[in-house]
1. Can you give the FRET efficiency for GLU17 and ALA40, using 1/(1 + (r/R0)^6), R0 = 30 Å, r = Cβ-Cβ distance, to the nearest 0.05?
2. For every helix of n ≥ 4 consecutive DSSP H residues, a contribution of -39,500 (n - 2.57) applies; sum these over the chain, divide by its total residues, and give [θ] at 222 nm rounded to the nearest 500 deg cm²/dmol.
3. Mark the label point 7 Å from the Cα of SER89 along Cα→Cβ and return the residues of the stretch 20-36 whose backbone N is within less than 20 Å of it.
4. Which residue, SER92, THR65, MET49, has the largest displacement toward the positive end of the dipole of the chain when charges sit on each Cβ (Lys, Arg +1; Asp, Glu -1)?
5. Aspartates and glutamates within cross-link reach of LYS15: Cα-Cα under 16 Å, excluding same-chain residues under 8 positions apart?
6. Label 7 Å along Cα→Cβ of ALA77; the stretch 35-57 residues with amide nitrogen under 19 Å?
7. With the contact rule set at Cα under 8 Å and sequence spacing of 6 or more, what percent relative contact order holds for the chain?
8. Indicate the gyration tensor shape class of the chain (rounded, prolate or oblate), computed on the Cα atoms with a ≥ b ≥ c the square roots of the eigenvalues: a/c under 1.5 is rounded; otherwise a/b larger than b/c is prolate and the rest oblate.
Amino acid sequence: MSISGAKAIAIFAPKPEYPYEAKSRHVTGSGVAVLNVDTASGNVTDVSMGQSIGSPILDNATVSTFRRWRFQPGKCAPRVKVPITFTMSGASY
């Protein structure tokens, strides 16, 4: 499922916070999070980094935030890939 399609059926999709420790060190990067979704409930059951951002701090912030995402029950694919980029202005996907 594409990220635009996933965002369209997401009912709760907060952006990851840019951890102070990473921002103060000017750590940036891009990666891809893989969300496993219980299609019946819309709850995210597991998140892993399919492609690391290159920083454990940013990977952890991404995984912990995406675990909180929720989708419309019955409308989401069981696996969603979300590209994410951290720049000095924050996170975007």
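Quick note: the coordinates plus some simple rules give every number you see, no bench work behind them. Just so we're clear, the structure is a prediction, and the values are computed from it rather than from any experiment. Neighbour counts are summed over all protein chains in view; Cβ atoms, including those assigned to glycine, are modelled from backbone coordinates with ideal geometry.
1. 0.55
2. Roughly -6500 deg cm²/dmol at 222 nm, from the helical runs in the chain.
3. It comes to 20, 22-31, nothing else.
4. Toward the positive end, the furthest listed residue is SER92.
5. Within the straight-line limit of under 16 Å, LYS15 reaches these aspartates and glutamates: ASP59.
6. 35-52
7. Taking the mean separation of contacting Cα pairs over the length of the chain, I get 42 percent.
8. prolate
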